[in-house]
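The values are calculated or read from the model by the stated rules, or taken from the named source; none is laboratory data. Predicted model, so just to flag it, every value in this text is computed and none were measured. We place every Cβ from the backbone using ideal geometry, glycine too, and count neighbours over all the protein chains shown. All accessible areas refer to the heavy atoms of the entire protein, side chains included, with ligands and DNA or RNA removed. Shrake-Rupley method; radii C 1.70, N 1.55, O 1.52, S 1.80 Å.
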Amino acid sequence: MKTMLSGIKPTGRLTLGNYIGAIREFVKYQDEYEMFIFIANQHALTVPIEAAELRKNTKDLIALYLAAGLDPEKTTIFLQSDVPAHAQLGWIMTCLSGYGELQRMTQFKDKMAKQETGITAGLYTYPSLMAADILLYDPDYVPVGIDQKQHVELTRNLAERFNKRYSDTFKIPEPLVTKVGAKIYDLQNPTKKMSKSESSPKGCIELLDNPAQARNKIKSAITDSLGIIQYDPENQPGLANLITILSALTGESIESIVDRYQGKGYGELKKETGDVVFDFLTDLQKRYKEILDSKIVDKVLEEGAKKANAVANKKVAKVYRKVGLKI
Ligand code: TYM
């Protein structure tokens with residue numbers, strides 16, 4: 001059986017983008033792959049965050065993983081900080097990464113270009129920790145949204161560099177990017193990614209949003225004045241984004257949706273998409289509440305940490321021998 005691994009950082013509340021680009025894929029593949037899904041809580045410290053908020057986001061994220069359909073019987077679900085091997089290999093990957101190589105990471109460059117204050121060294125080196133997160137488990141594939149693809153490519157480079165310098169140690173992983181929904185856009189600014197940290201409340205649907213408010217956000221999404229329903233992300237990004245959301249949540253193909261809407265207006269498409277989002281969130285949140293009430297979260301994490309540590313500790317021991325840390 002081939003292996004897959006991915007993670008999400010609990011920096012804020014999860015968005016519909018996280019669901020469509022990532023979580024939905026994890027759930028889809030868990031029957032076919034040996035699956036490791038974790039909460040990248042150490043990555044959440046790269047930006048200032050209150051301890052209470054981090055705790056709450058972390059619990060919510062695990063409950064949402066389960067509510068979305070991740071099954072702890074099939075998938076190893078764990079907290080990054082419960083597996084010290086991530087930080088251990090993270091340092092080694094940081095020392096293997098070039099200074100300039102990290103400077104070329106688009107996400108980091110974008111933050112620098114915006115001249116945001118308070119950029120931490122952790123934000124700069126986080127792709128090296130992400131490489132460690134991945135390489136510890138020798139996955140064949142890493143399902144991610146398009147914005148994380150470059151970091152998986154860096155991971156490949158670091159793995160190859162290590163294997164060459166010290167002998168074969170890591171499997172070279174491949175990023176797996178979904179065809180529909182690899183980047184869900186801000187509803188008010190449809191050339192920008194829908195993001196928990198950067199979108200305005202109206203532009204971003206959170207998985208824990210009130211479903212009726214989420215439906216209204218879809219209704220007031222920015223489109224265009226062409227008045228033709230076709231899938232043209234370049235010239236009609238807002239409309240393409242709505243079609244993508246509808247397709248991802250229902251499984252109906254983009255072509256079929258476009259066909260169905262020939263001769264119809266944007267209002268109708270927004271209504272259907274809004275209703276689908278409403279139903280999706282209502283259902284998800286019902287399961288989310290049941291999961292939080294059931295106290296299953298602690299048990300899932302305990303089991304997950306055991307399994308993940310067993311795999312990761314072996315890999316770190318091997319790496320420590322190879323690089324000369326173990327005498
Ligand atoms: P994060 O937490 O920013 O995002 C988690 C996942 O959600 C995807 N995503 C989106 N997909 C489609 N449309 C959007 N608008 C959208 N926004 C986010 C992301 O591409 C990602 O797949 N560094 C990572 C977390 C991480 C990780 C890892 C992932 C740490 N270690 C190892 C994979 C493997 C991050 O910040 O993702």
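Overview of results
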{"read-out": "Restricting the stretch 156-209 to residues that are among the hydroxyl-bearing types (Ser, Thr, Tyr), open to solvent by 50 Å² or more (accessible area, probe 1.4 Å) and touching a Ser or Thr at 6+ places or on another chain (Cβ under 8 Å), the residue that is nearest to Leu14 (Cα to Cα)", "value": "Ser197"}
{"read-out": "Residue within the stretch 268-280 that is open to solvent by 50 Å² or more (accessible area, probe 1.4 Å) and touching a Lys or Arg at 6+ places or on another chain (Cβ under 8 Å) present", "value": "yes"}
{"read-out": "Residues of the stretch 105-152 classified as exposed (fewer than 15 other Cβ atoms within 10 Å of the Cβ) and either touching a strand residue (DSSP E or B) at 6+ places or on another chain (Cβ under 6 Å) or of a type outside the set (Val, Ile, Thr) (or both), total", "value": "11"}
{"read-out": "Wholly within the stretch 105-176, helices (runs of 4 or more DSSP H) carrying at least 2 residues that are more than 23 Å from Lys193 (Cα to Cα), at pLDDT 95 or above and out of contact with any Gly (no Cβ under 8 Å at 6 or more places or on another chain)", "value": "121-135, 149-166"}
{"read-out": "Selection status of Glu25, more than 10 Å from the ligand (Cβ to nearest atom) and at pLDDT 95 or above", "value": "no"}
{"read-out": "Residues satisfying the stated conditions in the stretch 11-50, i.e. farther than 19 Å from Ala248 by Cα, assigned to a helix (DSSP H, G or I) and open to solvent by 60 Å² or more (accessible area, probe 1.4 Å)", "value": "Leu45"}
{"read-out": "Condition met for Arg55 (basic (Lys, Arg), part of a helix (DSSP H, G or I) and within 15 Å of the ligand (Cβ to nearest atom))", "value": "no"}
{"read-out": "Which listed residue, of Ala182, Ala159, Ala221, is outside the structural domain of Ile49 (by TED's automatic domain parsing), more than 9 Å from the ligand (Cβ to nearest atom) and small (Gly, Ala, Ser)", "value": "Ala221"}
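Residue-wise test of (1) under 22 Å from the mean Cα position of the chain (by Cα); (2) in a helix (DSSP H, G or I); (3) of a type in the set (D, E, K, R).
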position: Gln230; (1), (2), (3): no, no, no
position: Glu255; (1), (2), (3): no, yes, yes
position: Asp259; (1), (2), (3): no, yes, yes
position: Gly263; (1), (2), (3): no, no, no
position: Asp283; (1), (2), (3): yes, yes, yes
position: Val297; (1), (2), (3): yes, yes, no
position: Gly304; (1), (2), (3): yes, yes, no
